[in-house]
Amino acid sequence: MPDSTPVRVVRELASRGYNAERDAVTLIADTPDPDAAVERVVDAAGDDALTLTAADVRDTLDDGSRTSARAADPDAASTDGGAAAHASETVGSAELPDAPAAPETGARDDTRDGTASAGASDTPARDETTRDSDRADATNRADETTTHDGRSPTPPEVAGDVTGHSTGAGEYGDFVSVFRDRYERLSKKLRGRVNHRPTDALDTMPGGSDAAIVGMVNDIRSTASGHWLIELEDTNGTFPALVMKDRDWADVVDELLLDEVIAIEGTLADDGGILFADSVHFPDVPRTYRPSTADRHVQAALVSDVHVGSQEFAGERWDAFADWLHTPEADPVEYLLVGGDMVEGVGVYPDQDEELDIVDVYEQYRAFSERLKDVPGDMEIVMIPGNHDAVRLAEPQPGFDETLRDIMSAHDARIVGNPATVTVEGVDVLMYHGVSLDEVIAEHGDESVSYDAPHNAMAQLLKKRHVAPQYGGRMRVAPEEKDYLVIDDVPDVFHTGHVHKLGIGEYHNVKLINSGSWQEQTAFQQSVNIDPDVGTAPILDLDTLDITVRMF
Ligand code: D5M
Ligand code: FE
Ligand code: ZN
């Protein structure tokens, strides 16, 4: 084996069809001859074994040969090799870092005592700052690995996932029911806040009355004199509202998207027929929202847009990331959330085939599955599909079908639909791939919502309490009985991808993370000046909700 990093071991095992627990890998990597150890462990493993446990490895290697290779040759120990290749930045506010800071020192080791896996493995001997002495002490290392419990993530719970529940047959009636459901659920959030009247009742009210409408935005038009005419629709009909251009809040019109549900309060014109708007209300997230946190020190890595199969797939960066996940520094990282676009897919955009490295979509998923095997076997993985994945494009997208699940079965990842709310250690993470972000960015009149600040576009979706408000245009929405795209419950964390730009922010105490990508700039992106953030892995502290961006 050219080098004895745990990732090499993982690859060797993967090429023989095995996944392995983190400690199993450490045990093998720590032997004087990892190659031979892999052979022996594989020989001893049953054909039906999928995941090699530390106990399996110990049983096979337990013949007195458990001397650390690191003791003999400190350079051979490269569990921290990945750490040298990345930078990190702790971000707790809505602002993005200007530049990556220097790699972290052992500062965060202070907080490790609180982890559930605390035990021999979390004694200071494993701290970043003291690892050299650890290496020098082979006995210590060997004892430690025999008692290390590894990660022990609790399987996540999933809500709001269309997978297995899709009922839509594409009939006109299905479109009616999905919009009716959207209106019912979002208008409920607004009705208590304004004294609204159904649109048909407004017609019979005397001119000059105060009134409010809760409705779906049906039309936005500017008048000849530059005011705004907003037509709202409810289940009884439509009614127009006029926003005067000189109102100091008139630029709220810039934020409006067709089909979103809002409330407008105002005064009826003297002769009726139109509402002069005094205020506009969104379903929104309460400012006082208090997110939940984990009750132990545990972290999740949030990534998306891997695009395996593209010539631009950044395989070396992914290797460095996987490498880092095997280091002690990454011990608390027990979850990996993947926000869609696992593979490049086929026929997604015109001329895309010219940039394919792997032309068969199943081969792409096989290659992706190999990449997943590089991730420690004792991490819990959750994946949703994106617009490049081999599921229907219309949202909500169901999770991968049986064939693809089989191809990706080695790591036993949790495969769910797009969007879905995944609860990890008590923290609700709304995962949505993010196709609607293109639309929000294109339609929003203000520069603050841009590809350079995708978190501001994410905040818009939370404010509208819908992940894809505007129907038609770029968005394809599947007709279903229920609108799975409504954000019913406020999440603690909102995770998207798709735009290939890193974005970290906060909206009414909800953390916003757009996780960047693992694909270098494509020809198309170059032609439209999209400069992607590549090799970015935001790490979320589930106990504090602090975010550290790691770059590989
Ligand atoms: O899209 C990544 C980003 O690039 C997202 O903002 C859409 C945009 N994009 C990429 N290729 C195209 C084409 N051909 N047309 C329009 N927009 C495009 P992703 O879907 O993740 O590749
Ligand atoms: Fe993508
Ligand atoms: Zn995408």
Review point. By its C-alpha gyration tensor, with a ≥ b ≥ c as the square roots of the eigenvalues, how is the range 388-542 shaped: rounded for a/c under 1.5, else prolate for a/b larger than b/c, else oblate?
Key: rounded
Exercise for review: Quickly work out the residue 176-to-residue 16 label distance, labels modelled 7 Å from Cα along the C-beta direction, and quote it in nm with one decimal.
Suggested key: 6.3
Practice item. Using a 1.4 Å probe and counting only protein heavy atoms, arrange 406, 270 so the residue with the most accessible area comes first. Key: 270, 406
Review point. Looking at the range 396-493, which GluC sites (Glu not before Pro) are DSSP coil and have at most 13 other C-beta atoms within 10 Å of their C-beta?
Key: 447
Review point. Which loop trypsin sites (Lys or Arg not before Pro) in the range 250-324, with loop taken from DSSP, have no more than 11 other Cβ atoms within 10 angstrom of their Cβ?
Key: 287
Review point. Over 22 Å between Cα atoms, which of 189/482; 189/463; 245/511; 373/501; 189/501 qualify?
Key: 245/511; 373/501; 189/501
Check your understanding: Got a sec? What order do 551, 216 fall in by accessible area at 1.4 Å, biggest, i.e. largest, first?
Key -> 551, 216
Check your understanding: Can you tell me the accessible area per residue over the range 365-481, all protein chains present, probe 1.4 angstrom, in square angstrom?
Key -> 30
Review point. Nearest 0.05, what FRET efficiency do residue 370 and residue 245 give at R0 = 60 Å with Cβ-Cβ as r?
Key: 0.55
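The values are calculated or read from the model by the stated rules, or taken from the named source; none is laboratory data. Quantities reported herein were computed from a predicted structural model and do not represent experimental measurements. In this analysis, Cβ positions are derived from the backbone assuming ideal geometry, glycine residues included, and neighbour counts consider all displayed protein chains. Calculation scope for accessible area: heavy atoms of the full protein, side chains included, ligands and nucleic acids excluded. Shrake-Rupley method; radii C 1.70, N 1.55, O 1.52, S 1.80 Å.
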